[in-house]
Amino acid sequence: MEKAIIVAYDTNRAIGQGGDLPWRRSLPADLAHFKRLTKGSDVIMGRKTFESIGCRPLPERENIVISSRPTGVKGVLTAVNLESALALARYKTFIIGGARVYGEALNTPEIDTIYATEVDASFPDADTFFPELDMTAWQEVSRVHHPADTENKYDFDFVTYRRII
Ligand SMILES: NC(=O)c1ccc[n+]([C@@H]2O[C@H](COP(=O)([O-])OP(=O)(O)OC[C@H]3O[C@@H](n4cnc5c(N)ncnc54)[C@H](OP(=O)(O)O)[C@@H]3O)[C@@H](O)[C@H]2O)c1
């Protein structure tokens, strides 16, 4: 079963600001892309990312939250680290953040794909970042450009990277 990272970051690799996305709700096409790719799959996230989505499980997905304490939320599995979260996963699995979980996932060989949304903007007040990719270990395999439009405030690219070592 495929195990992949899914992330959206700006030109400085920023992913979060004040517990939310730096660009808030101004890229609905990215939210739709996230939903389309992850529906029917397992999603693994850190406790703060779970809080950022309202402490509710994402519908039509198996939600696994990494935390030192159970969430107590019905319909959500809790794991103490990424390794035990991956052991709970049964379907195609997406690592959906945040920074610490992404960092560990990049060092986990069975996670071999990154679905990145590269937002062509920078958010100087951002406080959470995706690690720099080691391009000797990852190869870009596809890139689709989307210009800003009336609904989406910034240009962005949907990019897929595959692990090569
Ligand atoms: N742009 C994107 O694609 C994207 C994706 C996801 C999130 N975000 C943003 O990123 C921010 C949240 O991310 P974050 O990096 O601050 O937090 P996070 O990684 O979501 O959560 C951190 C928490 O997860 C638990 N955790 C993570 N790794 C662990 C490990 N190996 N062992 C034990 N516990 C572990 C701990 O919970 P306990 O303290 O409970 O033990 C830790 O405090 C928000 O702003 C959110 O909007 C953006």
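The values are calculated or read from the model by the stated rules, or taken from the named source; none is laboratory data. Fair warning: this is a prediction, and the values are worked out from it, not measured in the lab. When we count neighbours, we look across all protein chains shown, and the Cβ atoms used for this are built from the backbone with ideal geometry, even at glycine. Calculation scope for accessible area: heavy atoms of the full protein, side chains included, ligands and nucleic acids excluded. Shrake-Rupley method; radii C 1.70, N 1.55, O 1.52, S 1.80 Å.
Structure data summary
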item	result
Counted residues, the range 128-140 - those being open to solvent by less than 90 Å² (accessible area, probe 1.4 Å) and among the charged types (D, E, K, R)	2
Residue check, Val159 within 16 Å of the ligand (Cβ to nearest atom), more than 21 Å from Glu2 (Cα to Cα) and touching a strand residue (DSSP E or B) at 6+ places or on another chain (Cβ under 7 Å)	no
Whichever residue in the range 1-13 is more than 18 Å from Ala126 (Cβ to Cβ) and open to solvent by 20 Å² or more (accessible area, probe 1.4 Å) and, among such residues, is farthest from the ligand (Cβ to nearest atom)	Met1
Some residue of the range 52-65 being out of contact with any Gly (no Cβ under 9 Å at 6 or more places or on another chain), near the ligand (Cβ under 8 Å from one of its atoms) and open to solvent by less than 30 Å² (accessible area, probe 1.4 Å)	no
Leading residue by the ranking (farthest from Asp30 (Cα to Cα)) among those in the range 117-155 that are part of a loop (DSSP other than H, G, I, E, B) and hydroxyl-bearing (Ser, Thr, Tyr)	Thr136
Number of the condition not met by Tyr91 [criteria: (1) modelled with pLDDT of 95 or more; (2) under 20 Å from Val43 (Cβ atoms)]	(1)
Positions within the range 68-105 being among the aromatic types (Phe, Trp, Tyr) and either over 18 Å from the mean Cα position of the chain (by Cα) or open to solvent by 60 Å² or more (accessible area, probe 1.4 Å) (or both), in sequence order	Tyr91
Given (1) in a loop (DSSP other than H, G, I, E, B); (2) within 12 Å of the chain's Cα centre (by Cα); (3) not charged (D, E, K, R), index of the condition Gly40 fails	(2)
Positions within the range 14-30 being open to solvent by 30 Å² or more (accessible area, probe 1.4 Å), charged (D, E, K, R) and more than 7 Å from the ligand (Cβ to nearest atom), in sequence order	Arg24, Arg25
